[in-house]
1. Of A:Gly25, A:Cys79, A:Met56, which is farthest on the positive side of the dipole of chain A, counting Cα position, with +1 on Lys and Arg Cβ, -1 on Asp and Glu Cβ, and the Cα centre as origin?
2. For the range B:331-410, what class follows from the C-alpha gyration tensor (a ≥ b ≥ c being the square roots of its eigenvalues): rounded when a/c is under 1.5, otherwise prolate if a/b is larger than b/c, else oblate?
3. Enumerate the amide H contacts of B:Val183 below 5 Å, restricted to partners 5 or more residues apart or on another chain; note that Pro and chain-start residues carry no placed amide H.
4. Please give the FRET efficiency for B:Arg194 paired with B:Ala218, using the beta carbon to beta carbon distance and R0 = 35 Å, rounded to the nearest 0.05.
5. Can you list residues whose amide H is under 5 Å from B:Val231's amide H, if they're 5+ apart or on another chain and H is modeled 1.01 Å from N?
6. Given a Förster distance of 30 angstrom, what is the FRET efficiency for B:Asp106 paired with A:Thr12, based on the Cβ-Cβ distance and rounded to 0.05?
7. Within the range B:15-42, find all residues whose amide N lies under 13 Å from a label point positioned 7 Å from the Cα of B:Val345 along Cα-to-beta-carbon.
8. Report, in debye and to the nearest 20, how large the dipole of chain B comes out about its Cα centre when Lys and Arg carry +1 and Asp and Glu carry -1 on their Cβ.
Amino acid sequence: MVDRSAGGGEVTIRVDGRQVRVPAGAMLASALCNDRATQAMRRSVTGQPRGPLCGMGICFECRATVDGRPQVRTCTLVCREGMEVRLDG
Amino acid sequence: MAESAPNGYGPSVERHDADVVVVGAGPAGLLAAIAACEAGRSVLVVDENPAAGGQIWREATGQGPHPRARLVIRRVRRLGAGVLSGVTVFDGSADARVLRALHVDDPRRVLEIRYRELVLATGASELFLPFPGWTLPGVTGVGGLQALVKGGFAVRGRRVLLAGSGPLLLAVAASLKAAGARVVGLCEQAPRSRVRRFGFGLWRHPLKALQGVGLLAALRGVPIHHDSWVVEARGAGRVERAFVADAAGNRRAIDCDLLATGYGLVPASRLAELLGCAVDHDGRVLVDETCATSVDGIWCAGEPTGIGGVEVAMAEGRVAGSHAAGDRQRGALHARLLRKEQRFVRRLERAFALRDELRALPDDDTILCRCEDVSFGAVRSLRDARQAKLETRCGMGPCQGRVCGPASSFLCGFPRDRVRPPLIPVPMGALAVAGPSNTSKQRSNERSNETMETPE
């Protein structure tokens, strides 16, 4: 499961158009937790900032639009080179 | 995936079939798969995570599989069982006259997996109890934080406060400390006397006793508070400070960068309920000594039958897999081993029973349903989860009450609500391709955004 094909054990993903280097094999939710520019992963229906809660695909708090697909649970997804992430999805 | 159109589901379902289909690739599911293979059946395991092993055998990014899991997974593969990882069951049916099949989101296509016998080994989720501030970023579950760290979240130097109940707190605290976090405290709601008695009772389980001693040694220097629980989290945009109350009536502030709370585990029994399996008030799937559920040909193993940990899960997996494959002799042998482990489960439940004060954690303004931002005050006086859904939308978001359901049943005494498909939000294309199953004919939800169908 761990992708070591990228040089230096890192892959590049795009978060809201911004390039972010993340460790190869990292889960997307974990990579976003590490990303200082990502204060909150999404806004709730009343606009509150939210981050991951369960870490294992239950709560949907870490959901984002990934490669065009909405409401993807980022905690169940391994980062891949070129992955396109839109927050607040 | 990058090249395919968004939600570009193929025109038809991809069909798979096996004598025994196992849902969940944790210890219970993998052991069930081995037992069924050894009895000569064709076996297919489906699992939501990117790699087999479940939550307990999830290894940190880049480290490869857990050593114990590696042996088990190797055995599963050598015996010829198929393993589909990263796929989610969203619907299914158990009616032999129509179709015995699961509908699975790949997520690029829909799989229809037909089974003769089905073993449900769907694990557990954490019990989250709402308190003021619990929706702030940086407040996570206990197992949740561990999963994020294993997934690559770097916690080195961060101040972490852990609170809740159960042995998982100790295990996670130790692993966070090993990852370089500053564990500033651990709050166990159970009284010290009960935890101590539980610890002494572990002589019957030398392996667990040894683990316990090891954990306490690893946590030297970490303040451990019994009879204590977090009542509030505060911070500007994310958690900065937690307030801890104790049985003596004290309240104090502890500064932290991360706050992990979890009040034990609850069975993940939604798929079982969808398929018509009987469950008790706490959501435990009812099984007999062969791990058979109330539905013919459906078996259940591990945490969904009651929270018991990895040894029970493995033992039940063997029982369920053997019986699902028709090997009654071996099933009976495994059942004897299982009984000893189940006594441990009852001791665990007694030791970490939740105290009544926790029912007062949320105030009227505290969010109960995080998906729809429904406050506790809007729900507390209602009759049941059904009424809460209809009048407040509580439990109608993407998580479908997986978080607020167990909380409201503890806080308000709501009975379990009926489970409806789809089990997770899936693109409309997936539903169109899958067609109606016999459990989903009443599906009639017009809400949700354009592309995702969120269950009622």
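1. In chain A, that residue is A:Met56.
2. It comes out prolate by the Cα gyration axes.
3. Distant-sequence amide H within range of B:Val183: B:Val160.
4. Numbers: r = 22 Å, r/R0 = 0.64.
Step by step, r from the Cβ atoms, then E = 0.95.
5. B:Phe243, B:Val244, B:Ala245
6. Once rounded, the FRET efficiency stands at 0.75.
7. Under cut-off, by backbone N: B:28.
8. In debye, rounded to 20, chain B gives about 1660.
The values are calculated or read from the model by the stated rules, or taken from the named source; none is laboratory data. Please read these numbers as outputs of a predicted model, since none were measured by experiment. Cβ coordinates were reconstructed from backbone atoms using ideal geometry, including for glycine residues, and neighbour counts include every protein chain displayed. Ligands, DNA and RNA are stripped out before the accessible areas are found, and what is left, the full protein with its side chains, is counted by its heavy atoms. Shrake-Rupley method; radii C 1.70, N 1.55, O 1.52, S 1.80 Å.
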